[in-house]
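Below you'll find the structure, written out as structure tokens, and then a few comments.
Bear in mind these aren't lab numbers, they're just calculated from the coordinates by the rules spelled out. The model shown is predicted, which means the values in this text are computed figures rather than measured ones. Neighbour counts run over all protein chains shown; Cβ positions are idealised from the backbone, glycine included.
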Amino acid sequence: MRKTVFCATTALVIGSCQQAEQPSDAKDFTEARVDSLLSQMTLEEKVGQLNMYNGTWDFTGPVPEQADAQEREDQIRSGGVSAMLNVLTPEAICAAQRMAVEQSRLGIPMLFGYDVIHGYKTMMPIPLGQASSWDPTVAERANRVAAAEATSEGLSLAFGPMVDITPDARWGRIMEGAGEDPFLAARMAEGWVKGFQGADLSERHSIAACAKHFAGYGFAEAGKEYNTTDMSDQTLLNVVLPPFHAAVDAGCAAIMNGFNDLNGVPVTADAYIQRTQLKEAWGFDGFVLSDFNSVPELVTHGYSADMPEAGKAAFLAGSDMEMESRLYERHLLDQVRSGEVSEELIDDAVRRVLRIKFRLGLFENPYKYCEAEGIEIMSEAHLQEARDLARQSMVLLKNEAATLPLQKDASIGVIGRLAQSKDVPLGNWRAQAVENSAVSLLEGIRVAAGSKVEFAEGYRISAGRRSFIFDMEWADPSEKGFGEAIQLARRSDVVVMALGEDCYQTGEGRSQTDVGLKGDQLELFHAVRAVNPNVVVVLMNGRPLAVPDIQQHASAILESWHAGSQAGHAIADILFGDHNPSGKLPVSFPHRTGQEPLYYNHKKTGRPVTNDFDKGLVFWAHYSDAPVEALYPFGYGLSYSRFIYSELEINDSILRSGDDLEVRVRLTNDSKVAGEEVIQLYIRDPYGSLTRPVKELKAFQKIHLEAGESQLVSFRLSEEDLAYHWSRERFEAEPGRFEVYVGGNSREVLQTAFTFR
Ligand code: NOJ
């Protein structure tokens, strides 16, 4: 141990620097600084560290009673505000920081948080799109750019990643996460956290990540926003929590809880998930932030009798910092004085907040995020990154008779208003994106293919709705622009048709009961196809869509999602073969909305279909008016290369506890085009003390193969891969036979088996 001098607070830098022991290890050093600072704080100042104020009237939720500007400033000066959200200019952030650092007694710097979900100004593909890359480095690179831009404008805390598992396409926020599978979502969560936080939180362009929404929010009943969630402990522990656990293991600084009632307890007040799991079992040492107004909503839920009770319930359950609603500010002091809340718990919460501020380096330099550091927002390099990541996020769903890639000298009729939109590709949850700043599909095609490109709007959508209330009227049916579109289709060699959703049809508060194509889109598709059967559909959407007609009748389909700032160029790169697609679906696509929630890793039931004879009867698990399977299964996606799987084998028929197995498969690129394939490995525990899903993803690898190349690809499986939570207390693998499936999607797989002893 050696002695060093440090200043516990910035204000005291000028005043009374203290002597302290610096333990050898940086973590202990931070802890010592946290303790030292804590020992100087009054109870009022401690409670102040648990308040986050809203800085603007941004549309991020219902606006609760708000302090006026003067009152807010007084609170900051008295050390009563720990963090702010939605302060949107670097100037405002730096002014507020100066107030906290230079005018409050201890000068504790504030955090400035914002919803940075898939980019700040340079927009990356929506997270569901990024997850389609099945490549955590895509997530990391996307958030590196977002972190660079957001921190350049003064922000220190990103309200992301959203790692809610989402089995239901009706839920509008499905666009914001990694889809339906816990293993894939966990890998993406790690990438997103690393991208935000960089190698070290104290770097100039690292931003603290806040994984959300803890937990279960994506299981809203019937996909209805904010609805109740009700699930078994097995689902919670095996499906919902793993991506959060992965985010925590990746060093995620903060966790945001959610709005949902989970099995009778709104999660904001759920001590089991916040204290027992997150903080105790996983050892999370950052802070938990409530969601916007979720603490007072404990009263609305019918969980707490009144506002003081709501604040107390949230705090006792482990919600350390309150977003905006100020119940901690109003009631915690009295509750500590009356003995209802212990000061030890307050200290624990404050420590968590201070720890992150120290790790961010805010005590060394509270203005670090205010200093210009030469990052150019929307620079060429950032836009290039957006283009590359968008190409990797797209999924080729159909390519009949090698319709794609297109010839650049063909005459191309581009049809559909979405193709012209420079705004929709920016997606929802778009932070500070500049409206209409995306490269439209039409622009992308024109740049790539030149003069023989014509456009017809075809159907109408009202673009760019930012309002709270989604206008359900998609198009004005009296203004059908079909005539022009049909003429164009007739004289074109090939039609590229943009179909899908407006960006404000998805996102928070945008749940839908119908996930088919809205308005006249389908009608126009059929009218166009009747005069030109060579139709390439580019889907632009934020959720899985029920598009069986398109699947059946389009010549080719490219799922582009809402692909961000460079959408048009990235789509054109794929359409003309300058990039070979390799994306795979992170969600199942339904034939019909009524199949939702739809997910590949379901249970088998006692009456699955086992042969064609069963199909003639009605007494098996199915619908009598729609297929039982997905339209496109989880993991599905084509390439311009043709990949063949063969020679699946395991190096032993028995896996002994503590040992591992090697699973090998041969992948061959049986085509003339180099390409990348995501090889997926699933397991199944066919029977046991608890029933298990029909398949569970346990590993994947993206492999690049040159034309004609073949490679043996190897995976390792260990006991831990077989283990699952039987209950809150028990996580283990059950001895017996396990099936192994390997393939290019969750449906078409090779199969083998081994026994675990
Ligand atoms: C409510 C949303 O649920 C959450 O994800 C977001 O971070 C906050 N509002 C702040 O905007």
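Could you give the angle, 0 to 90 degrees to the nearest 10, between helix 307-317's Cα long axis and the longest principal axis of the Cα atoms of the chain? That helix lies at roughly 80 degrees to the long axis. Which whole-number percentage describes the relative contact order of the chain, with Cα contacts under 8 Å and a sequence gap of 6 or more? Value for the chain: 13 percent.
Taking only C-alpha pairs under 8 Å that are 6+ residues apart, what is the relative contact order of the stretch 387-594 in percent? Spell out each step's value before the answer.
Values: 443 pairs, mean separation 73.3, N = 208.
Reported as a whole number, the value is 35 percent.
Listed by chain and number, the lysines whose alpha-carbon sits under 27 Å from that of Lys312, ignoring those within fewer than 8 places in the same chain, are Lys46, Lys212, Lys279, Lys357. Annotation: lysines with alpha-carbon distance below 24 angstrom to Lys452 (same-chain offsets under eight excluded): Lys408, Lys422.
Only Cα pairs under 8 Å and at least 6 apart count here; give the relative contact order of the stretch 643-756 as a rounded whole percent. Write down the numbers at each step before the final one.
Working: 257 pairs, mean separation 37.1, N = 114.
It rounds to 33 percent for the stretch 643-756.
Hey, if you drop one equal point scatterer on each alpha-carbon of the stretch 387-594 and run the Debye formula without solvent, what base-10 log of I(q)/I(0) do you get at q = 0.09 Å⁻¹? Here log10 of I(q) over I(0) equals -0.30. Taking other Cβ atoms within 10 Å as a rough exposure proxy, Cys252, Cys210, Cys370 sort from fewest to most as Cys370, Cys252, Cys210. Taking 0.36 nm per residue of separation and subtracting the Cα-Cα distance, full extension of the segment from Ala92 to Thr605 would add 179.0 nm. Using the Cβ-Cβ distance between Asp249 and Asp625 with R0 = 41 Å, the FRET efficiency computed as 1/(1 + (r/R0)^6) comes to roughly 0.40.
Against the chain, whose longest principal axis is taken from its Cα atoms, helix 343-359 shows a tilt of about 60°. The shape of the stretch 472-584 comes out oblate: with a ≥ b ≥ c from the C-alpha gyration tensor, a/c is at least 1.5 while a/b does not beat b/c.
Taking each DSSP H run with n ≥ 4 as -39500 (n - 2.57) and averaging over every residue of the chain yields -8000 deg cm²/dmol at 222 nm.
For the chain, take N as its residue count and report Rg(C-alpha) divided by 2.2 N^0.38 Å. All intermediate terms of the calculation are to be shown ahead of the outcome.
On the way: Rg = 26.7 Å, N = 757, 2.2 N^0.38 = 27.3 Å.
Here the Cα radius of gyration is 0.98 times the empirical estimate.
Would you please give the residues with an amide H less than 5 Å from that of Lys398, counting only those at least 5 places away or on a separate chain, with H modeled from the backbone geometry? Counting only residues 5 or more places away or on other chains, the set is Ile557. For the stretch 33-370, rounded, prolate or oblate, judged on the Cα gyration tensor with a ≥ b ≥ c (square roots of eigenvalues), a/c < 1.5 rounded, else prolate if a/b > b/c? Cα axes put the stretch 33-370 in the oblate bin.
Quick check: from the Cα gyration tensor, does the stretch 336-463 come out rounded (a/c under 1.5), prolate or oblate? Cα axes put the stretch 336-463 in the prolate bin. Counting every other Cβ atom within 10 Å of each residue's Cβ, Arg607, Arg173, Arg33 order from fewest to most as Arg607, Arg33, Arg173.
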